[in-house]
Amino acid sequence: MKITVINGNTRHGSTWHCMDLLKQELSRNGKIEVTEFTLPRDMPHFCLGCFSCFLNGEHTCPHSEQVSPIVAALEAADLIVLTSPVYALDVTGQLKTLFDHLCFMWLSHRPNPKMFNKVGLTLSTSAGAGLTHTRKTMQNSLKFWGVKKRFSLKEAVAAMKWEEVPLEKQAKIKRDIKIMAKKVTKTVNNIDHLPSPVFRSFMFVVMKQMMKKNTWNPTDKNHWESQGWLSGNKPF
Ligand SMILES: Cc1cc2nc3c(=O)[nH]c(=O)nc-3n(C[C@H](O)[C@H](O)[C@H](O)COP(=O)(O)O)c2cc1C
């Protein structure tokens with residue numbers, strides 16, 4: 001299984017330890033090949049809001065040198081893992097800024113067909129609050145990239161570092177992760193047989209109608225045309 005991990009922070013804290021346990025459990029279920037990015041180290045820039053990715057193509061983004069390898073790794077993965085501790089009831093700023101850079105490949109712009117048969121997993125830890133909102137922010141990106149099947153793990157660790165998480169709690173987290181790793185492995189192995197998510201199919205139909213009338217962004221429209229999606233081809 002090819003896995004691409006985006007770490008939403010650089011610390012080897014609770015979130016990283018959960019991600020590491022997940023890798024260990026996944027490797028028990030079969031061979032894994034992992035590509036990891038750690039933020040903000042591997043993509044330190046804020047989106048400038050220049051619209052160049054939308055209007056002129058993603059390779060014209062001023063930060064394309066950092067963003068393109070991440071997109072290539074997402075494209076190559078069977079499983080995408082997004083991780084973040086909760087900061088101010090949401091994802092870390094560094095993860096959010098990567099999400100901003102990837103809006104060009106949302107279903108509402110230029111959906112990437114390589115995303116359509118992937119499994120995504122979001123993983124977050126917090127002291128206690130904000131996990132639901134943080135999960136939603138991460139899941140939204142997977143959803144709007146068109147990822148086929150999504151899972152989430154969220155753990156309230158009530159600690160500032162992994163070493164402070166009580167052993168009983170660590171054992172519970174390990175059990176959660178083991179169960180999740182089994183589910184994810186089964187899903188990756190069966191992905192071709194799973195139905196397309198209803199939301200994705202609905203968005204495709206809505207956006208197809210929009211793209212037919214699109215006079216505001218030829219780059220987006222050309223993408224839909226070149227895939228044959230405006231002349232009857234269906235991606236899923
Ligand atoms: C800047 C900052 C903001 C945080 N905001 C929240 C928060 O809103 N809610 C919460 O429950 N925990 C919050 N925490 C605690 C962390 O989410 C929690 O300790 C998490 O497990 C840390 O992950 P890490 O060990 O991987 O760094 C915050 C921590 C930091 C450093």
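Details
- Residue 41-residue 156 FRET efficiency (beta carbon distance; Förster radius 30 Å; 0.05 resolution): 0.65
- Calculation over all alpha carbon pairs of region 122-236 in 5 angstrom steps from 0 returns a P(r) of 2, 9, 14, 15, 15, 11, 10, 8, 6, 5, 3, 1 percent.
- Sequence of 175, 110 when ordered by accessible area, the most exposed leading, probe 1.4 angstrom: 175, 110
- When +1 charges are put on Lys and Arg Cβ atoms and -1 charges on Asp and Glu Cβ atoms, the dipole computed for the chain relative to its Cα centre reaches about 900 debye.
- Each peptide in 43-54, 119-130, 177-188, 84-95 receives the mean, over its residues, of other Cβ atoms within 10 Å, and ordering these scores from highest gives 119-130, 84-95, 177-188, 43-54.
- Residue by residue, region 228-236 carries 3J(HN,Hα) couplings of x, 6, 8, 10, x, 5, 10, x, 7 Hz when phi is fed to the Karplus relation 6.51 cos²θ - 1.76 cosθ + 1.60 (θ = phi - 60°); x denotes Gly or Pro.
- Equivalent ellipsoid semi-axes - Cα gyration tensor, the chain, angstrom: 32, 20, 15
- Accessible area of residue 236 in the full protein assembly, 1.4 Å probe (Å², nearest 10): 70 Å²
- With DNA, RNA and ligands ignored, accessible area of residue 59 (1.4 Å probe; Å², nearest 10): 140 Å²
- Long pairs among 114/234; 148/213; 149/213; 96/136; 23/172, criterion Cα-Cα beyond 22 Å: 148/213; 149/213
- Ellipsoid equivalent to region 1-72 - semi-axes via the Cα gyration tensor, in Å: 30, 15, 7
- With all protein chains in place and ligands, DNA and RNA left out, the 1.4 Å accessible area ranks 157, 34 as 34, 157, largest first.
- The 3J(HN,Hα) values that the Karplus relation (6.51, -1.76, 1.60; θ = phi - 60°) gives for region 37-46 are, in residue order, 10, 10, 9, x, 3, 8, 7, x, 9, 7 Hz. Gly and Pro appear as x.
The values are calculated or read from the model by the stated rules, or taken from the named source; none is laboratory data. From a predicted model like this one, the values you see are computed outputs, not experimental measurements. So basically every Cβ, Gly included, is an ideal-geometry build from the backbone, and we count neighbours across all protein chains shown. To get the accessible areas, we keep the full protein, side chains included, count just its heavy atoms, and leave off ligands, DNA and RNA. Shrake-Rupley method; radii C 1.70, N 1.55, O 1.52, S 1.80 Å.
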